[in-house]
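Presented below is the structure to which this report refers.
The values are calculated or read from the model by the stated rules, or taken from the named source; none is laboratory data. Everything quoted here is computed from the prediction, not taken from an experiment. Cβ placement follows ideal geometry from the backbone for every residue including glycine, while neighbour counts extend to all protein chains displayed.
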Amino acid sequence: MRTVEDYLLHLKSKGFQFGEDAIGFIYFGQQYTNSTDEITNAAIEITLKAQKGFDGSFYVSLLETFASNNIHSRKAALHYVKKIELLAV
């Protein structure tokens, strides 16, 4: 299980650059929705795939959706976004 910090470092090594504002938004969203690292990382991944970049409002909305639908794992998150046709995962 990767922490959010580790995941962001991993993405940086793959060429994704996050500004200070995006990083702040990521941690704000995680705290605001009381999300685990696993769900936060899944929301970051899905946001990047769906938006072709980081969109803070999309990301927070995704975290809120996961919380309200009791989604607690990456697998469940990916299944959910596929079911609602947000992503063809």
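Of everything in the stretch 14-42 that's among the aromatic types (Phe, Trp, Tyr), at pLDDT below 95 and out of contact with any Lys or Arg (no Cβ under 9 Å at 6 or more places or on another chain), which residue is surrounded by the most Cβ atoms within 10 Å (Cβ to Cβ)?
If we take residues in the stretch 14-42 being among the aromatic types (Phe, Trp, Tyr), at pLDDT below 95 and out of contact with any Lys or Arg (no Cβ under 9 Å at 6 or more places or on another chain), then Phe25 is surrounded by the most Cβ atoms within 10 Å (Cβ to Cβ).
Restricting Glu64, Glu45 to those that are surrounded by 13 or more Cβ atoms within 10 Å (Cβ to Cβ), over 17 Å from Tyr7 (Cα atoms) and acidic (Asp, Glu) reduces the list to Glu64. Regarding Ile71, is this residue within 12 Å of the chain's Cα centre (by Cα), surrounded by 14 or more Cβ atoms within 10 Å (Cβ to Cβ) and either closer than 18 Å to Leu87 by Cβ or β-branched (Val, Ile, Thr) (or both)? No: the conditions fail for Ile71. Checked across the stretch 44-67, the condition of being assigned to a loop (DSSP other than H, G, I, E, B), modelled with pLDDT of 95 or more and among the polar types (S, T, N, Q) holds for no residue.
Would you check if there is a residue in the stretch 10-23 being of a type in the set (Phe, Trp, Tyr), in a helix (DSSP H, G or I) and at negative phi?
Just the residues of the stretch 10-23 that are of a type in the set (Phe, Trp, Tyr), to begin with: 16, 18.
Filter once more, keeping what is in a helix (DSSP H, G or I): none.
No - not one qualifying residue is present in the stretch 10-23.
Residues in the stretch 68-89 that are touching a residue at least 12 places away in the same chain (Cβ under 8 Å) and either more than 16 Å from Lys49 (Cβ to Cβ) or part of a helix (DSSP H, G or I) (or both): Ile71, His72, Ser73, Arg74, Ala77, Leu78, Tyr80, Val81.
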